[in-house]
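The values are calculated or read from the model by the stated rules, or taken from the named source; none is laboratory data. Quantities reported herein were computed from a predicted structural model and do not represent experimental measurements. Virtual Cβ from ideal backbone geometry, glycine too; neighbours counted across all protein chains shown. Surface accessibility is based on the protein's heavy atoms, side chains included, excluding ligands, DNA and RNA. Shrake-Rupley method; radii C 1.70, N 1.55, O 1.52, S 1.80 Å.
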Amino acid sequence: MASRDPVADLRRIAFLLERANEATYRVKAFRSAAATVAALPGAELAERVAAGTLAELSGVGEVTARCVTESFNGEHPVYLRRIESTAGTDLQGAAAALREALRGDCHAHSDWSDGGSPIEEMALAAVELGHEYLVLTDHSPRLTVARGLTAERLRRQLDHVAALNDALPDGFRILTGIEVDILADGSLDQEDELLARLDVVVGSVHSNLRDDSARMTRRMVAAIANPHLDILGHLTGRKVAAGGAGDKGHRAGRTRPPSDFDLTAVLGACLEHGKAVEINSRPDRLDPPKRMLTVAVEAGCLFSIDTDAHAPGQLDWLHNGCERAALCGVPVERVVNSWPADRLLEWTAGHDLAN
Ligand SMILES: [Zn+2]
Ligand SMILES: [Zn+2]
């Protein structure tokens with residue numbers, strides 16, 4: 001039998017585990033094995049498969065060695081077959097049409113902040129999903145638990161992204177961005193000059209989530225009015241139990257009720273300033289709740305259907321957001337990441353000009 005590509009098979013397994021929201025250490029085993037095997041000279045791989053010594057390599061364990069051996073011998077690895085058989089998420093009708101229309105993702109993290117993978121791996125996964133762009137939105141400085149980027153690190157990241165873009169396939173690009181904290185007074189947690197330079201700014205509330213309604217509303221409205229903010233991230237900050245197979249989002253103590261705020265005022269501000277409300281696809285967030293999403297549709301808001309991915313496989317969570325968007329009647333023309341990159345950038349640049 002002709003040999004399969006063991007590195008591609010290991011990466012595919014990692015992707016599907018991430019997509020199923022499996023624990024990071026399980027995914028890491030496959031990603032490190034893929035890196036180790038990719039770095040081997042061709043002859044050594046064949047020798048080690050024949051001699052059964054793959055597991056002696058650092059980064060390769062018994063399970064990953066078995067996958068490599070099967071793949072090298074032209075067999076569809078048993079482990080891969082097993083997770084592929086449980087990975088089906090066929091979308092129907094309007095949800096499928098929405099998913100089909102999406103050209104990119106406006107909210108994703110790398111290992112520069114609290115993501116698990118380098119920017120290039122996130123970008124390659126986005127390419128494989130058929131995206132035309134991926135907005136890189138690592139956290140801002142005050143979110144120290146998530147290794148938020150200082151202004152200096154963000155400047156370095158911008159140089160790094162520019163270099164990566166030169167090497168990525170034509171027809172795809174990483175857009176620069178940030179998930180900037182909306183601070184207690186409604187200001188944004190990064191230098192104005194940098195926020196102005198970034199392609200896309202997602203602003204989210206991560207602290208003082210139990211502020212009273214009046215305070216939270218003032219804070220959110222001030223952030224939405226800030227010309228740098230383009231997309232309001234995970235509207236309510238809630239954490240939910242999700243139904244999807246393999247979802248580990250619901251652990252004891254990890255659920256959180258939505259914040260209190262005046263929905264009409266917040267959506268009104270988004271409408272007035274032409275900002276998008278994010279439909280966050282993370283199985284542990286699914287934010288906004290459907291009743292609020294319906295109100296936002298009726299109000300005429302723009303939307304961005306995002307994954308908030310912290311690992312490559314999570315970039316394939318868009319179906320969660322598309323299903324909810326379809327249920328609530330979100331019209332595709334109001335979804336900013338269904339737009340080509342140039343139109344998206346024109347829209348975000350328009351906010352900065354309103355300064
Ligand atoms: Zn966030
Ligand atoms: Zn995020």
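Give me the residue from the stretch 180-197 that is out of contact with any helix residue (DSSP H, G or I) (no Cβ under 9 Å at 6 or more places or on another chain) and outside any helix (DSSP H, G or I) and, out of that set, nearest to residue 143 (Cα to Cα).
181
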Just checking, how many residues over the stretch 96-121 are in contact (Cβ under 8 Å) with a residue 12 or more places away in the chain and either more than 16 Å from ligand 1 (Cβ to nearest atom) or among the charged types (D, E, K, R) (or both)?
14
Please identify the pairs in which a residue from the stretch 131-147 that is under 23 Å from residue 317 (Cα atoms) and surrounded by fewer than 24 Cβ atoms within 10 Å (Cβ to Cβ) has its Cβ atom under 8 Å from the Cβ atom of a residue that is hydroxyl-bearing (Ser, Thr, Tyr) and at pLDDT 95 or above, counting only partners at least 6 apart or on another chain.
146/113
With respect to residue 259, is the statement that it is in contact with a Cys (Cβ under 7 Å, 6 or more places away or on another chain), modelled with pLDDT of 95 or more and polar (S, T, N, Q) true?
no
Being of a type in the set (A, V, I, L, M, F, W, C), open to solvent by 10 Å² or more (accessible area, probe 1.4 Å) and closer than 23 Å to residue 351 by Cα is the filter here; which residues of the stretch 293-329 pass it?
297, 299, 302
Here are 98, 54, 40, 45: which of them is within 24 Å of the chain's Cα centre (by Cα) and surrounded by 15 or more Cβ atoms within 10 Å (Cβ to Cβ)?
98
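For (1) of a type in the set (A, V, I, L, M, F, W, C); (2) under 17 Å from the mean Cα position of the chain (by Cα); (3) over 14 Å from residue 278 (Cα atoms), each residue gets a yes or a no:
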| position | (1), (2), (3) |
| --- | --- |
| 313 | no, yes, yes |
| 322 | yes, yes, no |
| 330 | yes, no, no |
| 350 | no, no, yes |
Among the residues of the stretch 174-215 satisfying the criterion of being open to solvent by less than 60 Å² (accessible area, probe 1.4 Å) and among the acidic types (Asp, Glu), which is nearest to ligand 2 (Cβ to nearest atom)?
179
Residue 9 - would you say it is over 14 Å from residue 79 (Cα atoms) and in contact (Cβ under 8 Å) with a residue 60 or more places away in the chain?
no
Unique match (being touching a Phe, Trp or Tyr at 6+ places or on another chain (Cβ under 8 Å), over 22 Å from residue 344 (Cα atoms), of a type outside the set (S, T, N, Q) and within 16 Å of ligand 1 (Cβ to nearest atom)) among 147, 142, 153
147
Tally the residues that are among the charged types (D, E, K, R) and closer than 14 Å to residue 81 by Cα, restricting the search to the stretch 1-21.
4
Hey, any hits in the stretch 159-173 for a residue that's at pLDDT 95 or above and within 15 Å of ligand 2 (Cβ to nearest atom)?
no
